[in-house]
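Worksheet for the structure shown next.
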Amino acid sequence: MRINVFVANATGLSRRAADRAIAEGRVAINGRPVELGQTVGPNDTVTLDKRAITPPVKTITIMLNKPVGYVCSRVGQGSRTIYNLLPPHLRKLKPIGRLDKDSSGLLLMTDDGQLSYQLTHPSFKKTKVYEVRLGRSLAPEDHDKITKDGVQLNDGISKFELEPLDDKGFVWKVTMTEGKNRQIRRTFGSMGYVLTKLQRTDFYTYKLSGLNTGTYKTLT
């Protein structure tokens with residue numbers, strides 16, 4: 001396991017905060033300061049600020065049907081957060097990927113750092129499926145550009161699969177393995193379309209079906 005994943009999993013720190021702690025020399029393996037990207041073996045002793053840390057032996061993973069209007073962070077800055085929907089004993093969990101405030105649907109949350117890494121790292125190419133509704137019908141030429149050539153965004157080319165869910169070109173099933181920030185909204189927005197709905201329905205083998213909005217179920 002990578003050291004930043006180990007630290008985040010063992011302490012509840014975000015991955016970014018764990019990276020900072022490592023960069024500041026606060027983390028050691030077997031008494032020696034570590035570097036970013038270093039891995040932890042099963043017999044290694046890891047310390048943070050000279051105190052031994054270990055990840056939880058038993059992990060918890062839940063699936064939440066996130067409503068529109070909630071943000072995926074602990075500090076809402078005036079907005080409601082997904083943690084308002086959870087009982088206290090589950091508020092230590094971290095989201096696997098994110099959904100923005102105006103999006104809804106399947107959100108996995110866990111204290112299993114290895115699972116989070118395997119589901120989110122680009123090299124694993126886990127499939128995600130969304131249902132989107134556009135403010136106007138998608139033109140055939142724009143459909144072809146998204147699915148064939150891709151759309152140039154400021155952080156690279158965006159391309160994904162589209163399947164119609166109505167006969168007027170307003171509602172679409174989006175299937176993708178990429179994970180750029182707000183990629184679907186930015187892709188359609190760059191072509192002049194406004195999304196009136198964006199809901200994630202599938203993430204890898206996990207499916208949202210049967211889970212009411214604002215509720216969760218335990219997976220492990």
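The values are calculated or read from the model by the stated rules, or taken from the named source; none is laboratory data. Quick caveat: nothing in here was measured; it's all calculated off a predicted structure. With ideal geometry, Cβ positions are generated from the backbone for all residues, glycine too; neighbour counts draw on all protein chains shown.
Let's see how each residue does on (1) loosely packed, with under 14 Cβ neighbours inside 10 Å; (2) in a loop (DSSP other than H, G, I, E, B); (3) not assigned by TED's automatic domain parsing to the domain that holds ILE184:
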site: ARG74; (1), (2), (3): yes, yes, yes
site: ASN84; (1), (2), (3): yes, no, yes
site: HIS89; (1), (2), (3): yes, no, yes
site: LEU106; (1), (2), (3): no, no, yes
site: SER116; (1), (2), (3): no, no, yes
site: GLU131; (1), (2), (3): no, no, no
site: ARG136; (1), (2), (3): yes, yes, no
site: GLU141; (1), (2), (3): yes, no, no
site: LYS145; (1), (2), (3): no, no, no
Every residue in segment 5-32 that is within 17 Å of the chain's Cα centre (by Cα), crowded, with 17+ Cβ neighbours inside 10 Å and in a helix (DSSP H, G or I), please. VAL5, ALA8, ASN9, ARG15
Show the residue pairs that are 6+ apart or on different chains and have beta-carbon atoms under 8 Å apart, the first residue being within segment 31-42 and in contact (Cβ under 8 Å) with a residue 12 or more places away in the chain, the second being assigned to a loop (DSSP other than H, G, I, E, B) and surrounded by 10 or more Cβ atoms within 10 Å (Cβ to Cβ). GLY31/THR45; THR39/MET1; VAL40/MET1
Under 7 Å between Cβ atoms, which residue pairs at least 6 apart in sequence (or on different chains) link something in segment 167-185 that is within 15 Å of ARG200 (Cβ to Cβ) with a partner that is assigned to a loop (DSSP other than H, G, I, E, B) and basic (Lys, Arg)? THR177/LYS125; THR177/LYS126
Checklist (1) of a type in the set (A, V, I, L, M); (2) within 30 Å of LEU13 (Cβ to Cβ); (3) modelled with pLDDT of 95 or more applied to ILE96, failing item: (3)
Can you name every residue in segment 41-87 that is of a type in the set (Lys, Arg) and either within 30 Å of GLY31 (Cα to Cα) or at pLDDT 90 or above (or both)? LYS50, ARG51, LYS58, LYS66, ARG80
For segment 149-179, which positions are within 23 Å of the chain's Cα centre (by Cα), over 20 Å from LYS125 (Cβ atoms) and surrounded by fewer than 14 Cβ atoms within 10 Å (Cβ to Cβ)? GLN152, ASN154
Going through THR205, THR196, THR201, THR127 one at a time, which residue ends up being surrounded by fewer than 19 Cβ atoms within 10 Å (Cβ to Cβ), under 30 Å from LEU13 (Cβ atoms) and touching a residue at least 60 places away in the same chain (Cβ under 8 Å)? THR127
